[in-house]
Structure formats: structure tokens, C-alpha cells
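So the structure is just underneath, and the comments pick up after that.
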Amino acid sequence: MDFPKLRSVVLDTPDARGLAEFYRRLLGLEYRPGDEPPAPGEDDEKGRDWLVLVGDGGVRLAFQQQPELKAATWPDSAVPQQLHLDTAVSSVRELERQHERALGLGATLRFDRSDDPEEPLRVYADPAGHPFCIFVES
């Protein structure tokens, strides 16, 4: 039996280029050919519509411009998270390093369980308000 193949995870955002740059730098992804930022001073038509980042193994993270997007308010339920990304690192030390990187790139810490001996993790909001987690893989 054939099944549909998951092609991309798509995030709506009021700033497609800005959010793509956040995740490109956070996760070490690259732009799909043709989606790279334009030269300084040139119009960024694609950055106002749809962009795709690609990574190892065919991972694709896409960004769709949605000016009216309301940022998730998790853990408050006023605006549900609807989707979040889980990422993992190899150690608590690496979790600390990635914490500083995420904040430096514009993430906001929403939940800190980094001292949990069973499953250390932190939950952040990206610059558009989408939650994402960084876990320590066991």
C-alpha cells in the first residue's frame, strides 16, 4: 500500500524571511535553491510569501506569510499552540549552550525544566510565537 509522504512542516508567520532566518541559524538548515535572501537593497518578493529551508535527510521547514497570525500564548490557553517543534541535544551542557543561542536569536523562554533528572527540557516561543522544545535525548 502507498501512503502520502510528509513533505514539509509549514509555519504561518507575519514575517516569513525573519522566521526562516531564525530557524536557519538555530537548526543549521539551508535555503532551498531560489529562496535565498536577495542582495542588500533588492526586493524580497519570496520573503513576503513562501520560503523553504532544507536539512539532512530531506527535512523541510517552510514559512508562509500570514500577516494576521496571533502568537500562541502557551502555557496560557488564550491562543492555543496548535503545533510545536521538538528538537533534541545530547547533554545538559549542550542544552545550556543551545539555550543561550536560542535567546540570542530572538526566542523567548516559556517553560524551564532543565533541572529535571529524567527529562531535562526547555520550551521557547520563536519570534512569531510558535512554541518549540529543546530536550536532552536519553
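The values are calculated or read from the model by the stated rules, or taken from the named source; none is laboratory data. All values derive from a computational prediction rather than experimental measurement. Note that we place each Cβ from the backbone using ideal geometry, even for glycine, and neighbour counts take in every protein chain shown.
Numerical summary
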{"item": "Those residues of the stretch 73-86 which are surrounded by 14 or more Cβ atoms within 10 Å (Cβ to Cβ) and within 22 Å of Leu29 (Cβ to Cβ), in sequence order", "result": "Gln81, His84, Leu85"}
{"item": "Top-ranked residue of the stretch 32-44 - restricted to ones that are in contact with a Lys or Arg (Cβ under 7 Å, 6 or more places away or on another chain) and surrounded by fewer than 18 Cβ atoms within 10 Å (Cβ to Cβ), ranked as nearest to Ala107 (Cα to Cα)", "result": "Pro37"}
{"item": "Residues that are under 9 Å from the mean Cα position of the chain (by Cα) and in a strand (DSSP E or B), drawn from the stretch 122-138", "result": "Ala125, Pro131, Phe132"}
{"item": "Residue that is in a loop (DSSP other than H, G, I, E, B) and at pLDDT 90 or above, where the choices are Glu21, Glu42", "result": "Glu42"}
{"item": "Residue that is surrounded by the fewest Cβ atoms within 10 Å (Cβ to Cβ) [pool: residues in the stretch 51-66 that are in contact with a helix residue (DSSP H, G or I) (Cβ under 8 Å, 6 or more places away or on another chain) and under 16 Å from Ala128 (Cα atoms)]", "result": "Gln64"}
